[in-house]
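Asks: Before I ask anything, here is the structure I am working with.
The values are calculated or read from the model by the stated rules, or taken from the named source; none is laboratory data. Computed from a prediction, not measured in an experiment: that's the story for all the values here. Cβ atoms come from the backbone with ideal geometry, glycine included; neighbour counts cover every protein chain shown. When the accessible area is computed, the model is the full protein with side chains, heavy atoms only, and any ligands, DNA or RNA have been set aside. Shrake-Rupley method; radii C 1.70, N 1.55, O 1.52, S 1.80 Å.
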Amino acid sequence: DAGITQSPRHKVTETGTPVTLRCHQTENHRYMYWYRQDPGHGLRLIHYSYGVKDTDKGEVSDGYSVSRSKTEDFLLTLESATSSQTSVYFCATSDRGNTEAFFGQGTRLTVV
Amino acid sequence: AQKVTQAQTEISVVEKEDVTLDCVYETRDTTYYLFWYKQPPSGELVFLIRRNSFDEQNEISGRYSWNFQKSTSSFNFTITASQVVDSAVYFCALSEAIIQGAQKLVFGQGTRLTINP
């Protein structure tokens, strides 16, 4: 398994505050992804990166931004947290486009 | 648009029974990949299998087997002689090419499998 570490693992935050989630990988994988998991929706792609400083939007990107200044780190920022962003967030990496993605352990975020 | 349907929301069986999880997908791509992931109660996502669209051979790995049928756009997963440790949510996923080689995974809604002792 790829060494993928997400931090924090759990967070409770207030509506309107900015929040940053971190994904750190030790496998030198080119591609990194942020997904959110919600009941009834499976996992949905928020943002992804195909290289350092190369990022793009996924299907549920509103209210989120990302940055990737180093190969190993991919940050997800909720600019102003809302209750609808209460979710479990997963980071994933892959070394080539058609290979399997490996997932981090997830971050449970609650916005109150 | 790509779509994955796992019609079985929850399945409950008694240990040692065989169980099949259904997955039906929609895609216009001629080349694509299908995946199964397991999410145990601890919450992490564990990769189980990847299958490309050109390989319709069934695959067996221990008690797990997968039946890929392109004609019916299905990629079903069977657990033989189920065990309590198989209890988890199982996700089927389909790859969708985005840009620069990145691949988005389109997930089904998941099937919660409970194996009762």
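Asks: Share of segment A:9-112's accessible area from carbon and sulfur, percent, 1.4 Å?
Replies: For segment A:9-112, the apolar C and S fraction of the accessible surface comes to 44 percent.
Asks: Measuring from label point to label point, each 7 Å out along Cα→Cβ, what is the residue A:26 to residue A:69 span in nm?
Replies: That separation, rounded to one decimal, is 2.3 nm.
Asks: Also, quick follow-up: Determine, from the Cβ-Cβ distance of residue B:71 and residue B:97 and an R0 of 25 Å, the FRET efficiency 1/(1 + (r/R0)^6), rounded to the nearest 0.05.
Replies: 0.65
Asks: With every protein chain present, what is the per residue accessible area of chain B (1.4 Å probe, Å²)?
Replies: For chain B, the solvent-accessible area averages 49 Å² per residue.
Asks: On a full-extension model of 0.36 nm per residue, what is the gain between residue B:78 and residue B:29, subtracting their alpha-carbon distance, rounded to one decimal in nm?
Replies: The residue B:78-residue B:29 span can extend by a further 15.1 nm.
Asks: Over segment A:22-112, what is the relative contact order in percent, taking alpha-carbon pairs closer than 8 angstrom and at least six residues apart?
Replies: Once divided by the residue count of segment A:22-112, the mean separation gives 31 percent.
Asks: So, R0 is 25 Å and r is the distance between the beta-carbons of residue B:52 and residue B:14; what FRET efficiency does that work out to, to 0.05?
Replies: Result of the calculation: an efficiency of 0.10.
Asks: If you don't mind, another one. Using a 10 angstrom cutoff on alpha carbons, build the Gaussian network for chain B and name the most mobile of B:68, B:35, B:54.
Replies: B:54
Asks: Name the residue from B:106, A:91, B:87 whose Cα lies farthest towards the positive end of the charge dipole of the protein assembly as shown, charges +1 on Cβ of Lys and Arg and -1 on Cβ of Asp and Glu.
Replies: Final value for the positive-end residue is A:91.
Asks: Under 30 Å from the Cα of residue B:3, which lysines turn up, not counting those fewer than eight places away in the same chain?
Replies: A:53, A:57, B:38, B:70, B:104
Asks: Averaged per residue, what accessible surface does segment A:1-101 expose to a 1.4 Å probe, in Å²?
Replies: Value for segment A:1-101: 46 Å² per residue.
Asks: Rounded, prolate or oblate: pick one for chain B, where a ≥ b ≥ c are the square roots of the eigenvalues of its C-alpha gyration tensor, a/c under 1.5 means rounded, and failing that, prolate if a/b is larger than b/c, else oblate.
Replies: Cα axes put chain B in the prolate bin.
Asks: Per residue, how much space in cubic angstrom lies within the convex hull of the C-alpha atoms of chain A?
Replies: 91
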